[in-house]
1. Kindly list, by first and then second residue, each pair from a residue in the range 8-36 that is without any contact (Cβ under 8 Å) to a residue 60 or more places away in the chain to a residue that is surrounded by fewer than 18 Cβ atoms within 10 Å (Cβ to Cβ) and in a helix (DSSP H, G or I), limited to pairs with Cβ atoms under 7 Å and residues at least 6 apart or on different chains.
2. Mind checking which helices (runs of 4 or more DSSP H) fall wholly inside the chain and carry at least 1 residues that are over 17 Å from the mean Cα position of the chain (by Cα)?
3. Where residues in the range 6-35 are within 19 Å of residue 91 (Cβ to Cβ) and loosely packed, with under 12 Cβ neighbours inside 10 Å, which of them is modelled with the lowest pLDDT?
4. Please list, ordered by first then second residue, the pairs with beta carbon atoms under 9 Å, 6 or more apart or interchain, first in the range 65-81 and without any contact (Cβ under 8 Å) to a residue 12 or more places away in the chain, second assigned to a strand (DSSP E or B).
5. Return the total of residues in the range 60-103 being closer than 18 Å to residue 6 by Cα and surrounded by 13 or more Cβ atoms within 10 Å (Cβ to Cβ).
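The values are calculated or read from the model by the stated rules, or taken from the named source; none is laboratory data. These figures come from a predicted structure and were not determined experimentally. In this analysis, Cβ positions are derived from the backbone assuming ideal geometry, glycine residues included, and neighbour counts consider all displayed protein chains.
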């Protein structure tokens, strides 16, 4: 990334990343009961659907759930979006030569 403060670089990186800007909009909406500022992604969070499954297996019931976000008319799986965010952050850390020591 170019010069400037790390904070400015982080904000710019989030705004330019589709995954991170969508996640930022979702988190801000969830925290404040709606966006309290302009959308980073330029799209509207239209709805959130929770899908819950109960499957009967030979050993009993197995429950699973997933969260689906509809943003700008497109559906996103929240887990996939979070996975994309992790990849984006890994890229940012590598580009800025930020390393963390192992615990």
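1. Cβ pairs passing all conditions: 21/15; 35/28; 36/28.
2. So the answer is 6-16, 78-95.
3. The first filter runs over the range 6-35 and keeps only residues within 19 Å of residue 91 (Cβ to Cβ), leaving 6-24.
Retained after the next criterion (residues that are loosely packed, with under 12 Cβ neighbours inside 10 Å): 6-7, 16.
Working: 6: 81, 7: 84, 16: 94.
Checked the range 6-35; the qualifying residue modelled with the lowest pLDDT is 6.
4. The qualifying pairs are 75/49; 75/68; 75/69; 77/66; 77/67; 77/68; 77/69.
5. Here is the first cut: in the range 60-103, the ones closer than 18 Å to residue 6 by Cα are 88-100.
Now drop any that are not surrounded by 13 or more Cβ atoms within 10 Å (Cβ to Cβ), which leaves 88-89, 92, 96.
The qualifying residues number 4.
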